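Below is one structure, written out as structure tokens; comments come after it.
The values are calculated or read from the model by the stated rules, or taken from the named source; none is laboratory data. What you see is a predicted model; the values in this text were computed from it and never measured. Here the Cβ positions follow ideal geometry from the backbone for every residue, glycine too, while neighbour counts run over all protein chains shown.
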Amino acid sequence: MKTIILSLLFTCTMCNSFAQTETATYKTVADKFEQHYNYENFDSIFSMFDVVMQKALPLEKTIEFLTGLKAHAGKIKKKQFIKFANGTVAVYKTNFEQTLLALNISLDKSSKINGLFINQYVDDSQPKLLRNTTKLILPFKDEWTVFWGGDTKELNYHVSTPAQKNAFDIIITDAKGSSYKTDGKTNEDYYAFGKELIAPCDGEIVLVVDGVKDNVPGQMNSFNVGGNMVIIKTANNEYLVFCHFKHQSIKVKEGQKIKQGDLLGLCGNTGNSSEAHLHFHIQNIEDLNTATGAKCYFEKIFVNGQVKQDYSPVKNDKIKN
């Protein structure tokens, strides 16, 4: 599962101190930005930049950035001023059609934008979670292969997304390293498709999304990013997220208490997925849009044939309970 985070060059040339209330000037500029953005008047947004911003980010690049943002996030539906950060940076909690982001705007003395940054919105009041303390088993039987996992971009493309920064994408491969049996043109050709996914620990089911149809391999559903999903809340307030279940295969319901090893559903190819696989990660709260990811360690597993304790898998590891 992938979430797109987009950012514009940030150039702040002022460091004056502001009270933590929105000023009339900032409100006017932020409202104009929203209006121009929603109506795709990107050249008008460019005209709101100061000279330094315009030189650093020419009109063509500004249009390219805002077009990409609109394609992935949609229109702005609502924004709320939160605070001033680093002196003159107004932070707005911004609800786009498809995601929640932070819109950060800085102005110079002439009310021109001299800093603009758009990233994942993180609520400072959220509970902090660095890693799981709940003892976990792997959420599947047999041996699977970690396709994405680790702490660097080379090992794990999820690292740039706050909620998914420690996520795993896990598949099943054969002796040749292939994830499918013949030509990979059908879901049934993939080793992981239809395999049972199980609960790594005791907990409560707090979210179930079912009914999303499986993709044709190679074609992704970017509207329902997670596809069919399950979220488990542990006794230690950790939220375990499972994505891309097979269409109508989920066996649990919201509010249900489960035990370690219970069947959750079957692995599928739904959502932002190009082939049958399991996306799994841990986060600090239930809300996928505002959560922060935590590193996941499994209590005792086989890794490339050797027993590892309290281990967090990385790309290319072959793992098994």
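Summed over region 49-78, the residues that are more than 21 Å from the chain's Cα centre (by Cα), within 21 Å of residue 96 (Cα to Cα) and in contact (Cβ under 8 Å) with a residue 12 or more places away in the chain give a count of 2. When restricted to residues that are modelled with pLDDT of 95 or more, surrounded by fewer than 22 Cβ atoms within 10 Å (Cβ to Cβ) and hydrophobic (A, V, I, L, M, F, W, C), region 213-230 contains 1. All conditions but one from (1) within 24 Å of the chain's Cα centre (by Cα); (2) closer than 15 Å to residue 26 by Cα; (3) not in a strand (DSSP E or B) apply to residue 92; the one that does not is (3).
Whether a residue is closer than 15 Å to residue 280 by Cα, over 21 Å from the mean Cα position of the chain (by Cα) and not assigned by TED's automatic domain parsing to the domain that holds residue 243 was assessed, and residue 137 passes this test. Yes or no: residue 118 part of a strand (DSSP E or B) and either crowded, with 20+ Cβ neighbours inside 10 Å or over 18 Å from the mean Cα position of the chain (by Cα) (or both)? Against the criterion (part of a strand (DSSP E or B) and either crowded, with 20+ Cβ neighbours inside 10 Å or over 18 Å from the mean Cα position of the chain (by Cα) (or both)), residue 118 qualifies. Among the residues of region 199-212, the ones that are surrounded by fewer than 20 Cβ atoms within 10 Å (Cβ to Cβ) and either in contact (Cβ under 8 Å) with a residue 60 or more places away in the chain or of a type in the set (Phe, Trp, Tyr) (or both) come to 2 in all. Inside region 73-95, can you point out the residues that are loosely packed, with under 15 Cβ neighbours inside 10 Å and either closer than 26 Å to residue 272 by Cβ or outside the structural domain of residue 32 (by TED's automatic domain parsing) (or both)? Hits for region 73-95 are 74, 75, 77, 78. If you go through region 92-109 and pick out every residue that is of a type outside the set (D, E, K, R) and either closer than 20 Å to residue 20 by Cβ or at pLDDT 95 or above (or both), you end up with 8.
When 277, 281 are checked against the criterion of being in the same structural domain as residue 207 (by TED's automatic domain parsing), under 25 Å from residue 95 (Cβ atoms) and buried (at least 24 other Cβ atoms within 10 Å of the Cβ), 281 stands alone in meeting it. Looking for something free of Cβ contacts under 8 Å to residues at least 24 places away in the same chain and not small (Gly, Ala, Ser) - is there at least one such residue anywhere in region 157-170? Among the residues of region 157-170, at least one is free of Cβ contacts under 8 Å to residues at least 24 places away in the same chain and not small (Gly, Ala, Ser), which makes the answer yes. Looking at the structure I just gave you, is residue 289 under 19 Å from the mean Cα position of the chain (by Cα) and at pLDDT below 95? Yes: the conditions hold for residue 289.
Picking from residues in region 76-89 that are under 28 Å from residue 55 (Cβ atoms) and assigned to a strand (DSSP E or B), the one that is modelled with the lowest pLDDT is 85. Only one of these conditions is not met by residue 262: (1) within 20 Å of the chain's Cα centre (by Cα); (2) surrounded by 15 or more Cβ atoms within 10 Å (Cβ to Cβ). Which number is it? If we test residue 262 against (1) within 20 Å of the chain's Cα centre (by Cα); (2) surrounded by 15 or more Cβ atoms within 10 Å (Cβ to Cβ), just (1) comes out false.
Looking across region 286-311, the residues that are closer than 29 Å to residue 101 by Cα and either surrounded by fewer than 17 Cβ atoms within 10 Å (Cβ to Cβ) or among the hydroxyl-bearing types (Ser, Thr, Tyr) (or both) come down to 286, 287, 289, 290, 292, 295, 297. Suppose the filter is in a loop (DSSP other than H, G, I, E, B), out of contact with any helix residue (DSSP H, G or I) (no Cβ under 9 Å at 6 or more places or on another chain), touching a residue at least 12 places away in the same chain (Cβ under 8 Å) and more than 20 Å from residue 244 (Cα to Cα); does residue 151 pass it? So residue 151 fails the test.
Return the residue satisfying two criteria in turn: it lies in region 56-91 and is touching a helix residue (DSSP H, G or I) at 6+ places or on another chain (Cβ under 6 Å) and of a type outside the set (S, T, N, Q), and of such residues it is nearest to residue 20 (Cα to Cα).
Selected residue: 90.
Quick check on region 239-250. Is at least one of its residues out of contact with any helix residue (DSSP H, G or I) (no Cβ under 6 Å at 6 or more places or on another chain) and farther than 25 Å from residue 190 by Cα? Scanning region 239-250 turns up at least one residue that is out of contact with any helix residue (DSSP H, G or I) (no Cβ under 6 Å at 6 or more places or on another chain) and farther than 25 Å from residue 190 by Cα.
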